[in-house]
Amino acid sequence: MEADLKILEATLERFITQSERLKVENHQLRQALAKAQDDGRQLKDNMLLASSRLQSIMQKLPQEITQETSEETL
């Protein structure tokens with residue numbers, strides 16, 4: 001009986017230790033996910049800004065150059 005209790009106690013200690021480790025890992029993963037999502041939003045914003053700037057520059061170019069550039073991208 002005593003041996004069974006010792007085995008049960010050791011098993012519970014392993015489960016508790018593993019649970020605590022997984023909680024820490026889960027927290028770290030949530031932080032990494034939040035950072036990755038934030039980075040993704042930032043990249044999207046940067047792409048929109050770059051696109052807007054390029055469109056603004058293209059509008060300032062002479063019409064002939066703009067038409068040639070548009071045809072090349074198709």
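Here are some notes:
- Helix-only arithmetic for the chain: the sum of -39500 (n - 2.57) across DSSP H runs with n ≥ 4, divided by the residue total, places the mean residue ellipticity at 222 nm at -34500 deg cm²/dmol.
- When 60, 35 are sorted by how many other C-beta atoms sit within 10 angstrom of their C-beta, beginning with the fewest, the order is 60, 35.
- Rounded to the nearest 0.05, the FRET efficiency derived from the C-beta distance between residue 42 and residue 14 at R0 = 35 Å is 0.25.
- Karplus-derived HN-Hα couplings along region 53-60 (A = 6.51, B = -1.76, C = 1.60, θ = phi - 60°), whole Hz, x at Gly and Pro: 5, 4, 4, 5, 5, 5, 5, 7
- Gyration tensor analysis over the Cα atoms of the chain returns equivalent ellipsoid semi-axes of 64, 11, 4 Å (largest first, whole Å).
- For the chain, the number of Lys pairs with C-alpha atoms closer than 28 Å, counting only pairs eight or more positions apart or on separate chains, is 4.
Since every read-out is calculated from the coordinates, none of them should be taken as a lab result. Everything numeric in this text was worked out from a predicted model, so none of it was measured. When we count neighbours, we look across all protein chains shown, and the Cβ atoms used for this are built from the backbone with ideal geometry, even at glycine.
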